[in-house]
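The values are calculated or read from the model by the stated rules, or taken from the named source; none is laboratory data. From a predicted model like this one, the values you see are computed outputs, not experimental measurements. Every residue, glycine as well, gets a Cβ built from its backbone with ideal geometry; the counts of neighbours run over all protein chains shown. Protein only, heavy atoms only, side chains kept; ligands, DNA and RNA dropped before computing areas. Shrake-Rupley method; radii C 1.70, N 1.55, O 1.52, S 1.80 Å.
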Amino acid sequence: MSELWIANPGELATPTGTVPLAGPRQGDVSRLRGVDVLCREGRIAAIGPPREIAQLAGAETERFDARGGALVPGFVDPHTHLPWAGSRAGEFAERLAGRSYQDIAAAGGGILSTVRATRQAGGDELTANVTRRLDRMLAWGTTTAEAKSGYGLALEPERKQLEALAAAAAAHPVEVVPTLLAAHETPPELRGDTDRYVELVCSEIVPAIARAGLAAYCDVFCETGVFSVSQSRRVLAAGAAHGLAARLHADEFVDSGGAELAAEIGAVTADHLMAVSPRGIDALAASGVIAGLLPGTSFFLKKKAYAPARRLIEAGVPVTLATDCNPGSSHTESMPMVFWLAVLELDMSVGEALTAMTLNAACSLGRGAELGSIEVGKQADLVVLEGAGLDDLAYHFGVHPISAVIKRGAVAFRKSPRACG
Ligand code: NIG
Ligand code: FE
């Protein structure tokens, strides 16, 4: 029987429950001191004073000394784009010189430049790229992540991306939930005929990927100039008909009615929302759709406007936070970076931000019963912070703030004590 006793932690900070927390409850985080945690067979078996845990522990129990570092749930990153090849560092330099993301995309760069590189890459190269990104995610506290295709834009290259994702995930501690994002852009060979591509996505790509069991969700980039509301509705309906629940890129740059579409079809999440309208917020609140906020994107695109996190929370919409890790608009694997942006730019409290990147994120992936909080019975996915409390995570920004990551009750990442945090 495998057992891990996490001894000497600082604060244990966690949301509780199995459903998304919204409104005033979004920031409800339990903060305990003086408790140790016992993990057994990959689950949390007990939380209590050290002498109680000592009585439960067996002779074989491995003891992990947290050395006063706070415990929080493993981070769940519910929106990433991991399987891609190539680099857009040159485009990034152009953006720093003043060219806009949309101008670069309109000239055939942007997503399409990553599509060219990804179509050319072999499956092994893509798998190695995903593995490198998962390694970095784990070291920064992520224990579960959603990841999308979307740089293939035809059946075979989309399949290649999702197979690479599955291959990397099968050999990695980070759990991966795959999403089909074939409707990320119109492929170059169909440029100017988006309707034909939508037809192809609905009749060929969605059914084949669903049949192969390579995706759990279907996503679409619903944005003026990319996929319209009616095209997005068709893609997501095809996904639903094949058992793929909907999540969508909505109202990222302009208010395109994406939030309203998410509400109308009962999508699980509407993500981005930098340009969501008051009507869109009301629609989300009335329908129970989760809002996925990606402040790394506003930051990396040098946007002055961030998504209206406060208005969403005040309207009662449950909020998640994610990296949006991708080569163009948010090149980071770091959930702590997202946490810093959430508290400093989205005006979220530390409790609201923690819930957003743990319990609410787990619920948005259908895993709220298993993941997202430190409670007896849940899977033992935990982060040991360097600081003694959750507030220290907010207070000390830009550093690597994690001393260890525990996945399914085993130490999956441990920073050498001499490494510079
Ligand atoms: O989530 N909005 C669309 N897709 C990505 C960006 C992809 C890219 O630039 O490669 C996003 O921001
Ligand atoms: Fe995205």
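Structure summary
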quantity	calculated
Cβ-Cβ under 7 Å pairs, at least 6 apart or on other chains, region 77-96 side within 29 Å of CYS218 (Cβ to Cβ), far side assigned to a loop (DSSP other than H, G, I, E, B) and away from ligand 2 (no atom under 14 Å from the Cβ)	PRO78/LEU365; ALA85/ALA121; GLU91/GLY109
Selection count, region 263-289, where residues are open to solvent by 10 Å² or more (accessible area, probe 1.4 Å), among the small types (Gly, Ala, Ser) and within 14 Å of ALA309 (Cα to Cα)	3
Region 33-52, subset part of a strand (DSSP E or B) and touching a Pro at 6+ places or on another chain (Cβ under 9 Å), residue nearest to ARG408 (Cα to Cα)	VAL37
Looking only at region 316-331, and only at residues there that are away from ligand 1 (no atom under 12 Å from the Cβ) and within 16 Å of the chain's Cα centre (by Cα), the one that is farthest from ALA356 (Cα to Cα)	PRO318
Any hit, region 9-18, residues being at negative phi, buried (at least 22 other Cβ atoms within 10 Å of the Cβ), assigned by TED's automatic domain parsing to the domain that holds ASP381 and in a helix (DSSP H, G or I)	no
Filter result for the condition that a residue is aliphatic (A, V, I, L, M) and closer than 29 Å to TYR306 by Cα, over ALA237, ALA215, ALA246, ALA208	ALA246
Among residues of region 122-179, those that are outside any helix (DSSP H, G or I) and open to solvent by 10 Å² or more (accessible area, probe 1.4 Å), counted	10
Residue in region 250-265 that is within 15 Å of ligand 2 (Cβ to nearest atom), in contact (Cβ under 8 Å) with a residue 40 or more places away in the chain and more than 24 Å from ALA145 (Cβ to Cβ) present	yes
Every pair of residues 6+ apart whose Cβ atoms lie under 7 Å, when the first sits in region 184-208 and is over 16 Å from CYS222 (Cα atoms) and assigned by TED's automatic domain parsing to the domain that holds GLY239 while the second is surrounded by 21 or more Cβ atoms within 10 Å (Cβ to Cβ) and of a type in the set (Asp, Glu)	ILE205/GLU158
Candidate set: region 53-62, residues that are surrounded by 13 or more Cβ atoms within 10 Å (Cβ to Cβ) and not aliphatic (A, V, I, L, M); chosen: the one nearest to ALA412 (Cα to Cα)	GLU62
Verdict on ASP347 being touching a Lys or Arg at 6+ places or on another chain (Cβ under 8 Å) and under 21 Å from GLY23 (Cβ atoms)	yes
Test: residue in region 301-315 that is open to solvent by less than 10 Å² (accessible area, probe 1.4 Å), in contact with a Leu (Cβ under 6 Å, 6 or more places away or on another chain) and away from ligand 1 (no atom under 15 Å from the Cβ)	yes
Sole exception among (1) outside any helix (DSSP H, G or I); (2) surrounded by 15 or more Cβ atoms within 10 Å (Cβ to Cβ); (3) among the hydroxyl-bearing types (Ser, Thr, Tyr) for THR114, by number	(1)
Count of region 58-73 residues which are of a type in the set (Gly, Ala, Ser) and in contact with a Leu (Cβ under 6 Å, 6 or more places away or on another chain)	2
Members of region 236-247 that are within 15 Å of ligand 2 (Cβ to nearest atom) and touching a helix residue (DSSP H, G or I) at 6+ places or on another chain (Cβ under 6 Å)	ALA246
